[in-house]
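Here is the structure we will look at.
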Amino acid sequence: MTDITATPEIDTTSAAFAANLAIDVAGSSLLYRRFGPASTSVPPLILLQHFRGNLDYWDPMLLDTLAADREVITVDLAGVGGSGGRTPDNVTDMARNALGFIDALALTAVDLLGFSLGGHIAQEIALVRPRLPRRLVLAGTAPQGAPDLHRWSDDVYRWATGDVTSPEDFISLFFSGTDAGTRRAWEYLTRTHARQQDRDAESSLACRDAQFQALMTWGIPESSKLERLSAITQPTLVANGDNDTMMYTKNSYLLAEHIRGAHLRIYADSGHGFLDQYPVEFGEHVRQFLGR
């Protein structure tokens, strides 16, 4: 993404400035950040990032809201951002890599927040290691085999997969096109570029290609795959903008319909990046849900 040169007024004690840490997982060094007060009543919250995103793409306002009273951990999985190794080309192996990371931290219980591709990974973790996640937040994501995931529109494909992603491409992909949405988009980009030292590396084109293959494979239409969701028994919050053109908002309704007892929250005048358009509001809703 093109650098944003504005220097915002932001508290350097914010989670956006948390130290870069590294841990070995299956012979690869994974980069992560860990912040917020440890709690004896709730487990750490693991955040799993979207297609081509890295540690610096998480909105500092969202992170600070989530970390107000709990520990939060963000991570670059294998081959992503500053992490070593090779990015898997399927969601199953991405989930195994995330589980290896959680095991390396010796965590026996976690809450998971998966955004977009990260939401696919969170679903898979809940299915293959059902006693590990306590609660799930599935943001701007979709179930395996859901309709209209396999072939993105020409606009979405162009905005998402270019060798260089301009701020304008990112805004078009993640935010609503209204004046309010565009203003909030530039505010988000300013916040995420406040950190100038020890920034994470941009994900490589090899990472892009592997993640794209994983997304397209997950999106092959197969309605029988929806039955897998009945095995997710954790309390689950499903959230999205009202006009997600990448994962399609209707697929959030499908998730909520097939996961027993799931809570659904749709944010007005927003798209795939609703959580960056409404970072405090979404963060407070997540806190309420996880702390109940």
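The values are calculated or read from the model by the stated rules, or taken from the named source; none is laboratory data. For clarity, every value in this text was computed on a predicted model and none was experimentally measured. Because the Cβ atoms are built from the backbone with ideal geometry, glycine has one as well, and the counts that use them run over all protein chains shown. Side chains included, ligands, DNA and RNA excluded: accessible areas come from the protein's heavy atoms. Shrake-Rupley method; radii C 1.70, N 1.55, O 1.52, S 1.80 Å.
So here's what we get for this one:
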read-out: Selection from region 268-291 of residues that are touching a strand residue (DSSP E or B) at 6+ places or on another chain (Cβ under 9 Å) and open to solvent by 20 Å² or more (accessible area, probe 1.4 Å); value: Ala268, Asp269, Tyr278, Glu281, His285
read-out: Hey, Arg151 open to solvent by 70 Å² or more (accessible area, probe 1.4 Å), modelled with pLDDT of 95 or more and more than 18 Å from the chain's Cα centre (by Cα) or not; value: no
read-out: Residues located in region 201-232, provided they are within 24 Å of Phe282 (Cβ to Cβ) and in a loop (DSSP other than H, G, I, E, B); value: Ser203, Ile232
read-out: Complete set of residues in region 65-95 that are part of a helix (DSSP H, G or I), touching a residue at least 12 places away in the same chain (Cβ under 8 Å) and open to solvent by 30 Å² or more (accessible area, probe 1.4 Å); value: Thr92
read-out: Some residue of region 169-186 being within 20 Å of Arg260 (Cα to Cα) and buried (at least 19 other Cβ atoms within 10 Å of the Cβ); value: no
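A quick yes/no check of all residues on (1) at pLDDT 95 or above; (2) closer than 27 Å to Leu215 by Cβ; (3) of a type in the set (A, V, I, L, M, F, W, C):
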{"position": "Thr7", "(1), (2), (3)": "no, no, no"}
{"position": "Phe17", "(1), (2), (3)": "no, no, yes"}
{"position": "Ala22", "(1), (2), (3)": "yes, yes, yes"}
{"position": "Ile46", "(1), (2), (3)": "yes, yes, yes"}
{"position": "His50", "(1), (2), (3)": "yes, yes, no"}
{"position": "Leu62", "(1), (2), (3)": "yes, yes, yes"}
{"position": "Arg70", "(1), (2), (3)": "no, no, no"}
{"position": "Leu77", "(1), (2), (3)": "yes, yes, yes"}
